[in-house]
Amino acid sequence: MNKDIKDVINSMDPPAAEKRKCYEAGYGPEVHYDCAVAQLTLFQMLEEAGVNLLLNTTTIEPIMDGNKVKYPPFMLSLIFLIAN
């Protein structure tokens with residue numbers, strides 16, 4: 001788990017994560033966390049970073065311009081919708 005997400009969910013009140021000793025030989029500490037809280041926090045962090053997240057998007061082959069991608073796969077469905 002990334003340090004940034006751990007810091008955010010550890011700083012919540014009450015904390016949504018807990019660092020514990022791992023009892024398996026050869027491993028460092030474990031971080032136990034609430035998956036739903038971590039997922040929501042990650043989505044919020046992506047939004048703050050300006051990431052346009054497209055969930056449940058069907059991807060197809062991109063349109064290429066030589067060896068460069070002209071339109072990424074998810075853009076094709078948007079272009080199709082706009083054109084029709």
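Could we say that P62 is modelled with pLDDT under 80, in contact with a strand residue (DSSP E or B) (Cβ under 7 Å, 6 or more places away or on another chain) and either surrounded by 10 or more Cβ atoms within 10 Å (Cβ to Cβ) or aromatic (F, W, Y) (or both) here? So that I can check it myself, show each step before the final result.
Details: modelled with pLDDT under 80: yes; in contact with a strand residue (DSSP E or B) (Cβ under 7 Å, 6 or more places away or on another chain): yes; either surrounded by 10 or more Cβ atoms within 10 Å (Cβ to Cβ) or aromatic (F, W, Y) (or both): yes.
Yes.
Would you check which residues across segment 44-67 are free of Cβ contacts under 8 Å to residues at least 24 places away in the same chain, closer than 21 Å to N2 by Cα and out of contact with any Leu (no Cβ under 7 Å at 6 or more places or on another chain) and list them? Spell out how you get there, then give the answer.
So the first thing to find is which residues in segment 44-67 are free of Cβ contacts under 8 Å to residues at least 24 places away in the same chain, and the list is 44, 46-67.
Then drop every residue that is not closer than 21 Å to N2 by Cα, which leaves 44, 46-53.
Of everything in segment 44-67, those that are free of Cβ contacts under 8 Å to residues at least 24 places away in the same chain, closer than 21 Å to N2 by Cα and out of contact with any Leu (no Cβ under 7 Å at 6 or more places or on another chain) turn out to be Q44, E47, E48, A49, G50, V51, N52.
The values are calculated or read from the model by the stated rules, or taken from the named source; none is laboratory data. All figures in this text were calculated on a predicted structure; none of them were measured in a lab. Methodologically, a virtual Cβ is constructed for each residue, glycine included, from the backbone with ideal geometry; neighbour enumeration extends over all protein chains shown.
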